[in-house]
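The values are calculated or read from the model by the stated rules, or taken from the named source; none is laboratory data. Being a predicted model, the structure only gives us computed values, none of them experimental. Please note: Cβ atoms are built from the backbone with ideal geometry, for glycine as well, and neighbour counts cover all protein chains shown.
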Amino acid sequence: MVRRFRPRSTPGENAQIMVRSLPWRLLLVLPVLIIVAIPTYVIAALLGGNVVPGMAQMFYKLSAPVPLTTPTPYPTFPTLLPQIGSVLYTVQDGDSCDSILAYEMHMNTSGQIFSDVKPETVAALNAQLGQNCGRLQPGLVLPLAPHYPLVAIGGIVLRIDPTSPQQVIPTPLITIPDQKQYAPNCEDGCLLTVRITPEIQIHLIVKSSLSIYPNSWVWALAQLARKPVHGFDTYPYADPKAALNTMKLSACDLQVDDVHDDDALSCSQMKPNTVNADGGSWLFAVTGPAGLDHWHYPINVPQGTRVLLWLSKGKNGLSYQKGDPAYRYDDATHVYVKI
């Protein structure tokens, strides 16, 4: 019996057999799957290499603990505080209280502040001078106090409180590391508790668009609290017996850390004051890196010296000009003497 041999199928025939064995619906779907799969793979690869790690990093940062910022080293606190005090003047022939205050203390509006129309104001001036202005005699020595005086302040912010009610902001669900965005808005006013020596704190009223945080260092000129006199709301003199500790002061010429607030309240805008009428203002200060040295005034005295300066008003605000009146506090006589 003769064997029959079936010839082997060619590769082409094998392919045709395989195609015929596949369902016709699958043949229609395969091209669509190929068209969709390739772009999907490319996009997934891009997402896996960039977007997903980025999102993971973002959530990692959001859940991370709040980092502690390292502040710029603070200046060394002064060992002394500014001292409220007076300068002595010996009455000359023909002097009057108005002329003395105008020429010696730059008080051009003394006749308006101390007016015979309001006897209580004249009585307050007599009490301040220790003499009756209507009976001045040559040779009398008068203690002349600076009117509406400023004080130079530098210190660390311990606490920030708004001076007006703030809108309640919902607490975020995720702790955000950058706490600076939650700094109080001080444009309408804030009350800063500021440490100016290791033992002394003051309360500084500021209005500023700058962001202020606890542990910020602030520089400011501030109006000293004045002695309260019944019936005399604009009494111009500070109380020499008042302590700076916990005193509430209104700030002007404000700088926070390394940023000066050019839009902050100027010293001539604070009420009451006579800066514009007098062409300047008096300033109590202590020289040193945490005090008067910050303003770079041309004064040649040792660090830690208590001074009283006349600041002249210019285009850029108040500043001490060489030749303006300058005094230092004398511990022996407890008055200010010329530098």
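Using the structure shown, decide if PRO289 is at pLDDT below 95 and either surrounded by 13 or more Cβ atoms within 10 Å (Cβ to Cβ) or of a type in the set (Phe, Trp, Tyr) (or both).
yes
Only one of these is in a loop (DSSP other than H, G, I, E, B), surrounded by 12 or more Cβ atoms within 10 Å (Cβ to Cβ) and either of a type in the set (Asp, Glu) or modelled with pLDDT under 60 (or both): PRO71, PRO78. Name it. Step through it out loud before you land on a result.
Numbers: PRO78 fails: either of a type in the set (Asp, Glu) or modelled with pLDDT under 60 (or both).
Within the list PRO71, PRO78, the selection yields PRO71.
Selection of the range 298-323 for residues being without any contact (Cβ under 8 Å) to a residue 24 or more places away in the chain, within 23 Å of ASN276 (Cβ to Cβ) and either buried (at least 18 other Cβ atoms within 10 Å of the Cβ) or more than 24 Å from the chain's Cα centre (by Cα) (or both) yields GLN321, GLY323.
Counting just the residues of the range 220-263 that are of a type in the set (Ser, Thr, Tyr) and over 12 Å from LEU204 (Cβ atoms), which one comes out surrounded by the fewest Cβ atoms within 10 Å (Cβ to Cβ)?
Residues of the range 220-263 of a type in the set (Ser, Thr, Tyr): 234-235, 237, 246, 250.
Filter once more, so that each one left must be over 12 Å from LEU204 (Cβ atoms): 234-235, 237.
On the way: THR234: 14, TYR235: 23, TYR237: 19.
So the residue we want is THR234.
Can you confirm whether HIS334 is loosely packed, with under 13 Cβ neighbours inside 10 Å and within 23 Å of VAL218 (Cα to Cα)?
Numbers: loosely packed, with under 13 Cβ neighbours inside 10 Å: yes; within 23 Å of VAL218 (Cα to Cα): no.
No: the conditions fail for HIS334.
Return yes or no: is SER281 closer than 23 Å to ASN316 by Cα and either modelled with pLDDT of 95 or more or outside any loop (DSSP other than H, G, I, E, B) (or both)? Yes, satisfied.
Scan the range 231-255 for residues that are free of Cβ contacts under 8 Å to residues at least 60 places away in the same chain and more than 22 Å from TYR320 (Cβ to Cβ) and the total you get is 7. In the range 109-126, the residues that are closer than 12 Å to CYS97 by Cβ and surrounded by 13 or more Cβ atoms within 10 Å (Cβ to Cβ) form Cβ pairs under 6 Å with partners that are among the acidic types (Asp, Glu) and modelled with pLDDT of 95 or more, at six or more places apart or across chains, as follows: SER110/ASP98; GLY111/ASP98.
For the range 249-256, indicate whether the set of residues that are within 18 Å of the chain's Cα centre (by Cα) and part of a loop (DSSP other than H, G, I, E, B) is non-empty. Within the range 249-256, none of the residues are within 18 Å of the chain's Cα centre (by Cα) and part of a loop (DSSP other than H, G, I, E, B). Restricting the range 132-167 to residues that are loosely packed, with under 12 Cβ neighbours inside 10 Å and among the small types (Gly, Ala, Ser), the residue that is modelled with the lowest pLDDT is SER164. Among the numbered conditions (1) surrounded by fewer than 20 Cβ atoms within 10 Å (Cβ to Cβ); (2) outside any loop (DSSP other than H, G, I, E, B); (3) of a type outside the set (A, V, I, L, M, F, W, C); (4) in contact (Cβ under 8 Å) with a residue 40 or more places away in the chain, the only one that ASN276 does not meet is (4).
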